[in-house]
1. Across region 67-77, what is the total count of residues that are out of contact with any Ser or Thr (no Cβ under 7 Å at 6 or more places or on another chain) and either within 18 Å of Y149 (Cβ to Cβ) or open to solvent by less than 10 Å² (accessible area, probe 1.4 Å) (or both)?
2. Please state which one of N107, N120 is surrounded by 13 or more Cβ atoms within 10 Å (Cβ to Cβ) and either at pLDDT below 95 or more than 15 Å from Y52 (Cβ to Cβ) (or both).
3. List every residue pair whose Cβ atoms sit under 8 Å apart, with the two residues 6 or more apart in sequence or on different chains, where the first one lies in region 84-95 and is assigned to a strand (DSSP E or B) and the second, anywhere, is of a type in the set (D, E, K, R).
4. Would you point out which residue out of E61, E81, E130 is open to solvent by 20 Å² or more (accessible area, probe 1.4 Å), farther than 18 Å from N169 by Cα and either β-branched (V, I, T) or out of contact with any strand residue (DSSP E or B) (no Cβ under 6 Å at 6 or more places or on another chain) (or both)?
5. All but one of (1) among the basic types (K, R); (2) surrounded by 15 or more Cβ atoms within 10 Å (Cβ to Cβ); (3) at pLDDT 95 or above hold for K86, so report the exception by its number.
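The values are calculated or read from the model by the stated rules, or taken from the named source; none is laboratory data. None of these values were measured; they are calculated from a predicted model. Neighbour counts run over all protein chains shown; Cβ positions are idealised from the backbone, glycine included. Accessible surface areas use protein heavy atoms only, side chains included; no ligands, DNA or RNA. Shrake-Rupley method; radii C 1.70, N 1.55, O 1.52, S 1.80 Å.
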Amino acid sequence: MKNVLMTAMVALAFVAAPSLNAQDFNVDKSPMDQAAFPTNYKEANKDIKVTYSRPQLKGREISKLAPEGKVWRLGANEAVEVTLYKDMKLGTTPVKAGTYTMYAMPNGKEWTVILSSDLNVWGSYFYKPENDVARITVPVTMEDESIEYFGMEFTPEDKGAHLHMAWGNARVEVPFYN
């Protein structure tokens, strides 16, 4: 009798529960991604990690999505967060270990990359220059190959790593040193 009662209750729960159709499930169109250095997944001791969302061009121009002379969140949704697991330098500027928001300001053939002490920031709407921790201006190179999704990755460099960013035909390289 207990088995029959239990089976009936389980069946009732399935019938009464609202169904979730695939069409009703909203997947983020700009999925989150992460880049870390050292890049080897077997290496647990990371120096730096970047968490960001990957927007797509979808036929749009970068200049419309990341206008020149304006602070941009470096991706989509929340602003990029960078975690330094040890003291490092952004270019030549010392930065203490910790978590920071990273922005960029595109300006023609160069971008200014900014680390800010603000955290949990949506977009760049609330950017405050007084909270800048470090800034560096880096050149932009233009490539023939266009990248649909915004992306980031690290490459090892002497005494550190360079964070490479690519979107559309633009490529930017940001130096982080130990």
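1. So in region 67-77, the residues out of contact with any Ser or Thr (no Cβ under 7 Å at 6 or more places or on another chain) come out as 67-70, 74.
From what is left, the residues that are either within 18 Å of Y149 (Cβ to Cβ) or open to solvent by less than 10 Å² (accessible area, probe 1.4 Å) (or both) are 74.
Residues that pass the stated criteria total 1.
2. Selected residue: N107, the only one of N107, N120 that is surrounded by 13 or more Cβ atoms within 10 Å (Cβ to Cβ) and either at pLDDT below 95 or more than 15 Å from Y52 (Cβ to Cβ) (or both).
3. L84/D47; L84/K96; M88/D47; L90/R135; T93/R135; P94/D87; V95/D87; V95/K89
4. E130
5. Result: K86 fails condition (2) only.
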